[in-house]
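A short worksheet on the structure shown next.
The values are calculated or read from the model by the stated rules, or taken from the named source; none is laboratory data. No experiment lies behind these values; they were computed from the predicted model shown. Here the Cβ positions follow ideal geometry from the backbone for every residue, glycine too, while neighbour counts run over all protein chains shown. Areas reflect the complete protein model, heavy atoms only, side chains present, ligands, DNA and RNA absent. Shrake-Rupley method; radii C 1.70, N 1.55, O 1.52, S 1.80 Å.
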Amino acid sequence: MSSVFNYIKGKSPIHALTGASKLLVLVLWSLSAMTTFDTRLLVALPIISLLLFIASGIKYRDVSFVLNFTFVFMVLNNLLIFLFSPEHGVTIYGTRNVLWEGFGIWVVTKEQLFYQLNVVLKYLATIPLVLLFVTTTDPSEFASSLNRIGVSYKISYSVSLALRYIPDIQREYKEISVAQQARGLELDKKKESLFKRLKCAATLLFPLIVSSMERIEIVAAAMELRGFGKNKKRTWYSSRPFRKGDWIAILFSILLLALSIALNFINGGRYYNPFV
């Protein structure tokens, strides 16, 4: 089973950045991608994301499950956009260049394809950076980052526990699956149909939920015995001060956001129109 939202240790320049700076970069980067539909910027952002991924040393197999799921969701989203609003691009760009008459209201136009290209680019611009943040940021440091920007330390610690627990759930599910298969439960896709495998997989959920509740009770009791939540503030062992690389990353993200906002004024709106 592929890892999902799992921290992967490394010694890359991305790993060396503090969790707080990476969180700020992620927020600023996401705002840059969301505030504009300028294709030129939206093409540049995925390229930069890919270069950052290469620099981090994270492999495709480490995030394959999430990327594949995102790809399916992206295709489905674009399909639904075309089905329910096949001429939304025509409305936005003000021109209508038909490529294929199609049938009924479903006419393929250059404007619609260009608009949906921008939607795809938005996915490609943001999802890789989200995965990069999750896979290169220690959960404890992520919690300290949230607390550093003003989030309650109780909420921050809850997020940290959730991220730490995801790999445990994966491992426990695999162990339960192997144990059940040893008892005759068939989950091999070569031997059983998809429906039957889903039905068998559902039977694994009950023992997984029971074991998860037991683990939650143990953790809650341990935190209560240690006086968690008694004080309004707390210190963080994993918190680190900003260094030169952190300031460079934040400054670069601020410039990206400024460029995104400036393009809105240059284009006279959020959309870059090549059809004028």
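Condition first: open to solvent by 60 Å² or more (accessible area, probe 1.4 Å) and assigned to a loop (DSSP other than H, G, I, E, B). Can you find one or more residues in region 8-15 that meet it?
Checked region 8-15: at least one residue is open to solvent by 60 Å² or more (accessible area, probe 1.4 Å) and assigned to a loop (DSSP other than H, G, I, E, B).
When only residues in region 89-136 that are assigned to a strand (DSSP E or B), of a type outside the set (S, T, N, Q) and without any contact (Cβ under 8 Å) to a residue 24 or more places away in the chain count, which is nearest to residue 68 (Cα to Cα)?
108
Kindly provide the set of residues from region 92-111 that are out of contact with any helix residue (DSSP H, G or I) (no Cβ under 6 Å at 6 or more places or on another chain), open to solvent by 70 Å² or more (accessible area, probe 1.4 Å) and modelled with pLDDT of 85 or more, ordered by number.
100, 106, 110
Which count do you get for residues in region 230-275 that are part of a loop (DSSP other than H, G, I, E, B) and either farther than 30 Å from residue 16 by Cα or aliphatic (A, V, I, L, M) (or both)?
Adding up the residues that qualify gives 10.
Condition first: among the aliphatic types (A, V, I, L, M), farther than 15 Å from residue 81 by Cβ and open to solvent by 30 Å² or more (accessible area, probe 1.4 Å). Now tell me which residues in region 117-139 satisfy that.
Answer for region 117-139, where residues must be among the aliphatic types (A, V, I, L, M), farther than 15 Å from residue 81 by Cβ and open to solvent by 30 Å² or more (accessible area, probe 1.4 Å): 124, 127, 130.
Tally the residues that are touching a Leu at 6+ places or on another chain (Cβ under 7 Å) and closer than 24 Å to residue 156 by Cα, restricting the search to region 239-264.
4
In region 219-261, which residues are without any contact (Cβ under 8 Å) to a residue 40 or more places away in the chain and open to solvent by less than 40 Å² (accessible area, probe 1.4 Å)?
Hits for region 219-261 are 222, 227.
I need the full set of residues from region 237-276 which are of a type in the set (Phe, Trp, Tyr) and either within 25 Å of the chain's Cα centre (by Cα) or within 14 Å of residue 35 (Cα to Cα) (or both), in order please.
Within region 237-276, 242, 247, 252, 265, 271, 272 meet the criteria.
Is there a residue in region 196-208 that is modelled with pLDDT of 75 or more and of a type in the set (Phe, Trp, Tyr)?
yes
For region 59-70, does any single residue satisfy the condition of being more than 13 Å from residue 131 (Cα to Cα) and among the hydrophobic types (A, V, I, L, M, F, W, C)?
Scanning region 59-70 turns up no residue that is more than 13 Å from residue 131 (Cα to Cα) and among the hydrophobic types (A, V, I, L, M, F, W, C).
Of all residues in region 155-174, which are of a type in the set (D, E, K, R) and surrounded by 13 or more Cβ atoms within 10 Å (Cβ to Cβ)?
Once the filter is applied, which keeps residues that are of a type in the set (D, E, K, R) and surrounded by 13 or more Cβ atoms within 10 Å (Cβ to Cβ), region 155-174 yields 164, 172.
Within the group 142, 114, which residue is open to solvent by 20 Å² or more (accessible area, probe 1.4 Å), hydrophobic (A, V, I, L, M, F, W, C), over 21 Å from residue 52 (Cβ atoms) and touching a helix residue (DSSP H, G or I) at 6+ places or on another chain (Cβ under 8 Å)?
Going through 142, 114 in turn, the sole match is 114.
With the checklist (1) buried (at least 17 other Cβ atoms within 10 Å of the Cβ); (2) over 30 Å from residue 203 (Cβ atoms); (3) of a type in the set (A, V, I, L, M, F, W, C) in hand, flag the one item residue 151 doesn't pass.
Failed condition: (1).
Mind counting the residues in region 39-72 that are more than 30 Å from residue 93 (Cβ to Cβ) and assigned to a helix (DSSP H, G or I)?
Final tally of qualifying residues: 15.
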